[in-house]
Amino acid sequence: MNSKVLWHLDAENAQEAQNIFQEMAYHIPKEAILMCLMTTGSIAPRQFSQDIQINWQEQERGWLFHKQGELQWRRMHGNIFRFVYLGEDGPIPAKAQNESKRLLHLEEKPGQIIADRLRSPMGKDKSKAMAFQIFQYVNPQTGAMEFWRHASIDVANTKERE
């Protein structure tokens with residue numbers, strides 16, 4: 001699993017957060033999905049645009065994801081944001097803490113998380129529950145899932161529940 005990377009990095013203000021976001025955004029395909037949880041509690045998955053400006057004053061958490069990887073952030077306190085990237089090998093920002101060694105002996109397995117109360121704004125059938133397609137990083141010796149990341153959004157496959 002040496003082609004996967006895991007790193008984290010703290011931004012100390014809104015401008016630094018936007019810079020980190022922009023730097024990584026240019027390495028993520030335009031088919032990526034952006035979700036932002038705002039201080040108002042609203043969350044809305046939408047197609048990503050590489051030149052998007054994030055309103056960091058209203059951010060609580062966010063996810064930018066594609067099957068190749070996920071950039072995630074959350075407000076720590078004040079205007080400090082922690083960014084975490086997990087996915088395909090790619091650029092690691094100079095100040096980032098590289099934690100990729102934690103992935104070396106883990107197996108990557110596909111899965112899904114069904115969001116019964118959410119309807120996919122991007123799926124073909126908007127009447128069905130939404131599911132996040134994910135990748136789980138599992139310890140083959142213990143069977144424990146140590147990490148997971150979003151990969152895409154689709155209509156839920158409820159057959160997996162049965």
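The values are calculated or read from the model by the stated rules, or taken from the named source; none is laboratory data. Just so we're clear, the structure is a prediction, and the values are computed from it rather than from any experiment. Note that we place each Cβ from the backbone using ideal geometry, even for glycine, and neighbour counts take in every protein chain shown.
Summary of computed values
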quantity	calculated
Top-ranked residue in the range 26-58 [being in a strand (DSSP E or B) and at pLDDT 70 or above; ranked as farthest from residue 81 (Cα to Cα)]	33
Residue in the range 92-102 that is touching a residue at least 60 places away in the same chain (Cβ under 8 Å) and hydroxyl-bearing (Ser, Thr, Tyr) present	yes
Filtered residues of the range 55-71 (kept if within 23 Å of residue 15 (Cα to Cα) and surrounded by 19 or more Cβ atoms within 10 Å (Cβ to Cβ))	56, 59, 62, 63, 64, 65, 70, 71
Where residue 6 falls short, out of the listed (1) within 21 Å of residue 110 (Cβ to Cβ); (2) at pLDDT below 90	(2)
Listing of strands (runs of 3 or more DSSP E) fully contained in the range 61-121 that carry 1 or more residues being outside the structural domain of residue 155 (by TED's automatic domain parsing)	69-77, 80-88
